[in-house]
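The values are calculated or read from the model by the stated rules, or taken from the named source; none is laboratory data. What you are looking at is a predicted structure, and each value in this text was computed from that prediction instead of being measured. Every residue, glycine as well, gets a Cβ built from its backbone with ideal geometry; the counts of neighbours run over all protein chains shown.
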Amino acid sequence: MPTKNMAKKRTLKEPSQGSAALGLAHPDSVQNISEHATSSEGNFAGTDSAKANSPANSVQADSKKSDSPKSDSPKSDPAKAGSAQAAPAHPIAVSRDNAQHYRWGNDCDGWHLVKDKQLTVIEEFMPPGAAEIRHYHERAQQFFYILTGEVLMEINGENMLIPAGSGVRILPGTRHQVRNPSSSPVRFLVVSQPPSHGDRIDE
């Protein structure tokens, strides 16, 4: 009887031995493997940090810093930038085709050839019989230059006929009025310094 019991016990133990033969890991050995993997990851991380702190990498980092733009570069002065904007970097030809246009009086036209805070140059067109309102400027002085036709300029009560190729200067405070009494249209330039818009007193 004891012999049969021992045979049964041996047959029950054989499967566990078979699992070992098939290469199945014991629970204790699985835990050891996971611990080994964790320690290996730590070693890998340590290797990366060591590479990052290596002298070669520090030299590369310094070279990148030297190549990057300096943060203490001089800042642009807004006042200087505003004055620079008054003159375009690349001058362009200005004409009636690309200048700012406006209408005034009775079917009269104007084109701003130059327009800034210190100076304006305007080309104006007056059809036959047109006239502006008599007025004066407190601060602006003006120069009228006739391109085509002729105008009748009244200055402080005196009339002056100005033909093409001629001009007249109007000082601040001078009453004046330009008219086109002819049967042909007139073109002329008006140079104002400072700009006369907003500085006009009609009579």
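Checked against the criterion of being over 15 Å from residue 198 (Cβ atoms) and not in a strand (DSSP E or B), the candidates 103, 96 yield just one match: 96.
Would segment 120-129 turn up any residue that is at pLDDT 95 or above, surrounded by 15 or more Cβ atoms within 10 Å (Cβ to Cβ) and among the small types (Gly, Ala, Ser)? There is no residue in segment 120-129 that is at pLDDT 95 or above, surrounded by 15 or more Cβ atoms within 10 Å (Cβ to Cβ) and among the small types (Gly, Ala, Ser). Looking across segment 142-166, the residues that are surrounded by fewer than 15 Cβ atoms within 10 Å (Cβ to Cβ) and either in contact with a Pro (Cβ under 6 Å, 6 or more places away or on another chain) or in a strand (DSSP E or B) (or both) come down to 143, 147, 148, 158, 159, 160, 161, 163.
Going by what's in this entry, would residue 112 be described as touching a residue at least 12 places away in the same chain (Cβ under 8 Å), over 14 Å from residue 188 (Cα atoms), surrounded by 15 or more Cβ atoms within 10 Å (Cβ to Cβ) and of a type outside the set (D, E, K, R)? Don't jump to the end; show me each part of the working.
Details: touching a residue at least 12 places away in the same chain (Cβ under 8 Å): yes; over 14 Å from residue 188 (Cα atoms): no; surrounded by 15 or more Cβ atoms within 10 Å (Cβ to Cβ): yes; of a type outside the set (D, E, K, R): yes.
The answer is no for residue 112.
Just checking, how many residues over segment 167-198 are in a loop (DSSP other than H, G, I, E, B) and either under 16 Å from residue 110 (Cβ atoms) or without any contact (Cβ under 8 Å) to a residue 24 or more places away in the chain (or both)?
Going residue by residue through segment 167-198, those that are in a loop (DSSP other than H, G, I, E, B) are 171-175, 180-185, 194-198.
From what is left, the residues that are either under 16 Å from residue 110 (Cβ atoms) or without any contact (Cβ under 8 Å) to a residue 24 or more places away in the chain (or both) are 180, 185, 195-198.
The number of residues fulfilling the criteria is 6.
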